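The values are calculated or read from the model by the stated rules, or taken from the named source; none is laboratory data. None of these values were measured; they are calculated from a predicted model. Accessible surface areas use protein heavy atoms only, side chains included; no ligands, DNA or RNA. Shrake-Rupley method; radii C 1.70, N 1.55, O 1.52, S 1.80 Å.
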Amino acid sequence: MIRQIRTEKKMTQLELSADSGISMSTIRAVEEGRTDVAIAKIDYIFYALGYDLEAIRMDIGDEE
């Protein structure tokens, strides 16, 4: 999912790394499914892609 969103936004792994503060090797490993990362890092990655996971989690909680 991260790779798909990143490519739709025409971002490179290097740009996503710089914007999220997560190393490019970690971005690559996550996209390839070779590593599990802490949710905090996922939050940074998605925020750099333009998504606020905290807001999404709150919206989901409101629906329940």
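Relative contact order for the chain: 29 percent, from Cα pairs under 8 Å spaced at least 6 residues apart, divided by residue count. Take the chain with all the other protein chains still there, run a 1.4 Å probe, and you get 71 Å² of accessible area per residue.
Of all accessible surface on the chain at a 1.4 Å probe, what whole percent is carbon and sulfur? Write down the numbers at each step before the final one.
Values: 2360 of 4530 Å².
Carbon plus sulfur share of accessible area: 52 percent.
Seen against the Cα atoms of the chain and their longest principal axis, helix 39-48 is set at about 80 degrees. Applying D = kT/(6 pi eta Rh) to the chain, where Rh is the Kirkwood radius over alpha-carbon pairs, T corresponds to 20 °C and eta to 1.002 mPa s, the Stokes-Einstein value obtained is 176 µm²/s.
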